[in-house]
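Below: the structure, in structure tokens.
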Amino acid sequence: MNTPENLKYTKEHEWIRIEDDHAIIGITDFAQSELGEIVYVEVETVGETIAKDEVFGTVEAVKTTSDLYMPLSGEIVEFNPKLDENDGDQPDLINSEPYGDGWIIKIKFSDPEELASLMSSEEYVELIG
């Protein structure tokens, strides 16, 4: 399983890349492989401030639908246009490039102290066994 060391992880299988006071969020390689072929991503929370661990959207795969959880509290400022059905409509990018073009949202996080609750790559690898 691919778990880049420059990212942080959650027990709900989201990854997060910090960029100053913003962060890019997606689901891990492990999560996308467990879900199977992803056919739809729904994020209707752009512009909203969502608390850590709250649901910000869903991802639908051939097998199931899964909630997406905020790794940090903050305002959702962007939904990846390549995944949006009204723009690029390429949800399968999450399967092929979970840490690249398959990112899901960009947030402006509000509580930097919450970063301490995220897992390192090594800790995440231990979690998924």
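Nothing in this text is a laboratory measurement; each read-out follows from the coordinates by a stated rule. Just so it is clear, the structure is predicted and the values come from calculations on it, not from any experiment. We place every Cβ from the backbone using ideal geometry, glycine too, and count neighbours over all the protein chains shown.
Suppose we flag GluC sites (Glu not before Pro) only when DSSP calls them loop and at most 15 other Cβ atoms lie within 10 Å. Which is the longest uninterrupted stretch of the chain?
Values: sites that count: E5, E37, E44, E48, E54, E85.
It works out to 86-129.
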Subject >> Mean residue ellipticity (222 nm) of the chain, computed from DSSP H runs ≥ 4 via -39,500 (n - 2.57), nearest 500 >> reply: -3500 deg cm²/dmol
Original post:
For labels at D111 and E78 in the simple 7 Å Cα→Cβ model, what's the distance in nm?
Top reply: 2.6 nm
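Which of the pairs K11/K63; K63/K108; K8/K63 have their Cα atoms more than 23 Å apart in this structure? Please list the in-between numbers first.
Numbers: K11/K63 21 Å; K63/K108 32 Å; K8/K63 27 Å.
Listed pairs above 23 Å: K63/K108; K8/K63.
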Original post:
Given (1) 17.1; (2) 14.9; (3) 14.4 as candidate values of Kirkwood radius over Cα pairs in Å, which corresponds to the one derived from the coordinates?
Top reply: (3)
Original post:
When the distances between all Cα atoms of the stretch 21-79 are binned every 5 Å from zero, what whole-number percent does each bin get?
Top reply: 4, 18, 29, 24, 16, 8, 1, 0
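How would M70, M1, M119 line up from fewest to most surrounding beta-carbon atoms within 10 angstrom? Intermediate results must be reported in sequence, preceding the final value.
Working: M70 27, M1 10, M119 18.
Taking fewest neighbouring Cβ atoms as first place, the list is M1, M119, M70.
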